[in-house]
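The values are calculated or read from the model by the stated rules, or taken from the named source; none is laboratory data. For clarity, every value in this text was computed on a predicted model and none was experimentally measured. Using ideal geometry, Cβ is built from the backbone for each residue, glycine included, and neighbour counts are taken over all protein chains shown. All accessible areas refer to the heavy atoms of the entire protein, side chains included, with ligands and DNA or RNA removed. Shrake-Rupley method; radii C 1.70, N 1.55, O 1.52, S 1.80 Å.
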Amino acid sequence: MENNIIKIIQDFLRFLNERDLENLTNLFSDNLDWYIPGDESNVEWLGKRKNRQEVAEFYNLLWKNTEPLTAKINNIFTDKETGVIIGEFTTKMLVTNKILHSMFCIEIQIQNNKIVKYRLLEDSFAVSQAMTNVLRE
């Protein structure tokens with residue numbers, strides 16, 4: 001089972017890098033527990049999702065609003081049904097042209113060869129700040 005988790009994680013990262021929406025979303029179960037915490041009122045792609053269609057909407061929103069500059073995977077850990085990806089990224093927010101640097105941690109749980117749980121933790125405060133043109137004193 002652990003080798004299968006690693007393969008799914010590798011496929012996930014490859015399809016994400018290639019922006020292959022069809023193959024990427026096909027990795028997910030249609031009954032999904034997805035959550036990316038943050039300021040949902042300011043960053044429309046944050047929050048909860050519950051199926052493949054909503055995952056596709058997430059990636060469409062993300063890719064429409066951001067330009068990836070760098071991404072680095074530092075570690076991948078697996079245990080039974082769960083994989084954890086730890087890394088860092090730099091992205092440009094297209095609406096503001098602000099550059100965001102953040103560490104991230106993705107938790108993926110897999111059952112029946114599909115991702116059933118997805119959690120992304122990043123610097124959500126910095127994401128929100130990068131999406132606004134308002135300067136705060």
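Filter the range 114-137 down to the residues that are modelled with pLDDT under 95 and either exposed (fewer than 15 other Cβ atoms within 10 Å of the Cβ) or aliphatic (A, V, I, L, M) (or both) and list them by number.
Of everything in the range 114-137, those that are modelled with pLDDT under 95 and either exposed (fewer than 15 other Cβ atoms within 10 Å of the Cβ) or aliphatic (A, V, I, L, M) (or both) turn out to be PHE125, ALA126, VAL127, ALA130, MET131, ASN133, VAL134, LEU135, ARG136, GLU137.
If a residue must be of a type in the set (D, E, K, R), open to solvent by less than 30 Å² (accessible area, probe 1.4 Å) and not in a helix (DSSP H, G or I), how many such residues does the range 9-48 contain?
Selection size over the range 9-48: 0.
The conditions are (1) part of a helix (DSSP H, G or I); (2) under 14 Å from the mean Cα position of the chain (by Cα); (3) over 18 Å from PHE12 (Cβ atoms); (4) of a type in the set (Gly, Ala, Ser), and ALA56 fails exactly one of them. Which is it?
(3)
With respect to PHE89, determine if the residue is in contact with a Phe, Trp or Tyr (Cβ under 9 Å, 6 or more places away or on another chain) and farther than 18 Å from ASN113 by Cα.
Spelling it out, PHE89 is indeed in contact with a Phe, Trp or Tyr (Cβ under 9 Å, 6 or more places away or on another chain) and farther than 18 Å from ASN113 by Cα.
Kindly indicate whether THR96 is surrounded by 14 or more Cβ atoms within 10 Å (Cβ to Cβ), hydroxyl-bearing (Ser, Thr, Tyr) and without any contact (Cβ under 8 Å) to a residue 40 or more places away in the chain.
So THR96 passes the test.
Please verify whether GLU88 is within 15 Å of the chain's Cα centre (by Cα) and open to solvent by 70 Å² or more (accessible area, probe 1.4 Å), treating the condition exactly as stated.
yes
Would you please list the contacts, defined by Cβ atoms under 9 Å and residues six or more apart or on different chains, that run from a residue in the range 7-20 that is in contact (Cβ under 8 Å) with a residue 12 or more places away in the chain to a residue that is outside any helix (DSSP H, G or I) and polar (S, T, N, Q)?
Close Cβ pairs (under 9 Å, with a partner that is outside any helix (DSSP H, G or I) and polar (S, T, N, Q)) amount to ILE8/ASN113; ILE9/THR78.
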